[in-house]
Amino acid sequence: MKFGGKSDSLRKKRKDAVESKSKSNSKFQEFLRMDMGPAAAGAEEDLEMERRLAKKLKVKDGRLAGLDDGLNMIFEDLDPIEDSVVVNGGVEDGGSEKLLRSDKKMRSKKKKKPRESEVAEEVIAGASDTEIIEEPCAEKPAVERKAKYVAPHLRGCANAESEEISQIRRRVRGLLNRLSESNVESITEEVATIFRSVSRSVGCQVIGDEVVNSCSGGPRGNEQYAAVFAAFVSGMACLVGVDFSAKLLASLAKSFEDEYSKEDSLSLRNLTLLLSYLCIFGTCSSDLLYDLLLELSKRLTELDVATIVTILQCCGMKLRGDDPSAMKDFVLSIQNRVNVLKSYSEGTQDGNRNINSKRMEFMLETICDIKNNKRRPKEDPTHHTRLKKWLQKLRAEDILLRGLKWSKLLDSEKKGQWWLSGDVAPTMENIDDVATTINMEVLEAQKLVQLAAAQRMNTDLRRAIFCIIMSGEDYIDAFEKLLRLDLSGKQDREIMRVLVDCCLHEKMFNKYYTVLASKLCSHDKNHKFSLQYCLWDHFKELDTMELNRSMNLARFVADMLASFSLSLAILKSVDLANPVYLTPKRIMHFRMLFESIFENSDALVWNIFTRISALPELEMLRSSLIFFMKQYVVAANTEKPLASKFKIAKKALDNVAGILM
């Protein structure tokens, strides 16, 4: 019992000691807390910030997601901040226990209402602890963060072309969106500058696609819109080359067929208007549109009828003026096709409704008006005058694409410069023909050079002019090639001298030289003066000139007078009343000249002599002409026609009023 009482007393003493110790410790703890209040508050703030950062960075067990970088080994020996608080070199466990207690309470409160995102994060973190090995964040490309959003249906196209081409495409699209009749010149120059900054293939592809897309999705049937874009294409072809317009036409034809298969009448009308205005502004010839019209007339569906009406309303009269025979063939094909459809659809109600539709009737009325040369208000030639003058300054007549067919534009196997009418793509079948053609052209060129040397064409310029004149398909072809020589200064004088020399070397007189000379004189008056001085030089050589050359010269001058390219004033350097000057060869030459003039009609003879009748300074020339014609032309020929023509010429020379017949 005593032992039990002692034990109870000992327990009491120990309990009191513990209580006193705890009381003293709590007082000391309060003292320390008062002393280090700011530090404890800072520790709590640090813990709170650490928890927020851990949540944002998805830290699990003190580690970030990803591979271990080895830095955790450095901090393994350090105690966590939650387990201890260092004060003056000592450790206070009581404060840390309370901090941990408060931390656990806050965590328990948060765990009561867990969010779905946190549950998912815990599942992912738990899985990462077991098997998943994630790649380091440094391997993720930084472009993905800065990349712009691209719609799903455009992602394939976006990856297909580079950023540079995309920027060019955006610039061109922005300029085309601002295109109008007032600023077409400046925008065309800007786009031409962009075209020259890239390769020709890229420039043709990008600009051509943007033009076709803009017109295909443009305003509904706006002819002004199509006209401005057609003028833009023609201007670009003048500035950068005809290959641009040729490739754009190929792209337009492909888009036309695509929209036709989709039966999109709006886009089809816009593309048809663009093609029609390209023909009006001289980018493509009427042959291309006739070929398209024949293709449409073979099917003659509702969509074909609408397209034919659009073409005929826009440029029907121009097509008729360019090639009336082709228009006649088209009208006959339409009539035959309509008759076939009528006979085929007699038993079906739908077929009769299609043939007798209002649109079909309107198409037939339009064709009838064009056939009878009835111009509609839409085809007034005064429309788009400003655009036509601008293209005329750019010499748009040089970019006309001849000989193109609709099937050629749609041919996917076209190679080389396919837009040239004489270009033939060499294949295994026609390689021999191409080689033979090249050899013949080389031989012909060699013969021309040898002939030029034989006719004393002793300079490169004279040889070039000679080869152009002699190798021209017709006088228009030769005229255009001579203009392309781009001669400077006094070099253009050589053209007329070489032309007259070629004419005099012919065995028989060829009127080709007269027509070409008249064309040159009407184009530039300098050629007229050069021809006048050239003829005066040849008049001085009549005594030593061969008879054949003298006869060709007389016929040449007579035709130039009959075309009014020259006047009889050219004979003022010749004294036809002086017996000393009139040698037998000279008399024969001028006699052939006046006999050639008298071969024309009475009205033309009257007008030729009337041109010098009203000029007082040519009084001596008029009297000498009357003396020579009476003495050497009429007296030597007793035929009545010459006598009557002489009377007309004499009256015309006395016609002081200058009245023409």
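Using per-residue counts of other Cβ atoms within 10 Å, averaged over each peptide, order 499-511, 284-296 from highest down. Write out the running numbers ahead of the final one.
Values: 499-511: 16.8, 284-296: 20.6.
The packing order, highest mean first, is 284-296, 499-511.
Considering the Cα trace of segment 567-661, what is its radius of gyration and what is Dmax, both in angstroms?
Cα only, segment 567-661: 12.6, 37 Å (Rg, Dmax).
What is the list of residues in segment 544-578 whose amide nitrogen lies under 19 Å from a point 7 angstrom out from the Cα of PHE529, following Cα to Cβ?
Inside the label zone: 565-573.
Taking the Kirkwood radius as the inverse of the mean 1/r across Cα pairs, report the Rg/Rh of segment 164-410.
Numbers: Rg = 18.7 Å, Rh = 18.8 Å.
Using only Cα positions, Rg/Rh for segment 164-410 is 0.99.
Can you find, among VAL500, LEU520, SER530, the residue farthest towards the positive end of the dipole of segment 431-540? Put +1 on the C-beta of Lys and Arg, -1 on that of Asp and Glu.
Most positive-ward Cα: SER530.
Which entries of LYS481/LYS511; LYS318/LYS388; LYS481/LYS525; LYS318/LYS342; LYS490/LYS519 have Cα-Cα distances beyond 21 Å here?
The pairs that break the limit, which is 21 Å between Cα atoms, are LYS318/LYS342.
Describe numerically, in nm with one decimal, the distance between label points set 7 Å from Cα along Cα→Cβ at GLU541 and at LYS55.
Calculated label separation equals 11.0 nm.
Just want the ordering: ASP602, ASP474, from fewest to most Cβ atoms lying within 10 Å of their own Cβ.
ASP474, ASP602
Ratio of segment 431-540's C-alpha Rg to 2.2 N^0.38 Å, to two decimals?
1.14
At THR193 and SER522, where each label point lies 7 Å from the Cα along Cα→Cβ, what is the point-to-point distance in nanometres?
Here the answer is 4.1 nm between the modelled labels.
Once the piece of chain linking VAL340 and ARG359 is laid out straight, how much longer is it, given 0.36 nm per residue of separation minus the C-alpha distance between them?
5.1 nm
Counting only other residues whose beta carbon sits under 9 Å from that of ALA452, what net charge do I get with K and R as +1, D and E as -1?
Combined, the nearby Lys, Arg, Asp and Glu give +3.
Using a Förster distance of 22 Å, how high is the FRET efficiency between LYS415 and ARG200, based on the Cβ-Cβ distance and rounded to 0.05?
0.90
Would any residue of segment 163-207 have its amide N under 13 Å from a label point 7 Å out along Cα→Cβ of ASN222? List them or say none.
176-182
Given R₀ = 30 Å, what would the calculated FRET efficiency be for SER261 paired with CYS368, taking r from the Cβ atoms and rounding to 0.05?
E between SER261 and CYS368, to the nearest 0.05, is 0.45.
Along the positive direction of the dipole of segment 567-661 (beta-carbon charges: Lys, Arg +1; Asp, Glu -1; about the Cα centre), which of SER644, GLN631, ALA603 reaches farthest?
Value computed over the given set: GLN631.
A short reminder: the numbers here are calculations on the coordinates, not readings from a lab. These numbers come from a predicted model, not from an experiment. Glycine also receives a Cβ, built like all others from the backbone with ideal geometry; neighbour counts cover every protein chain displayed.
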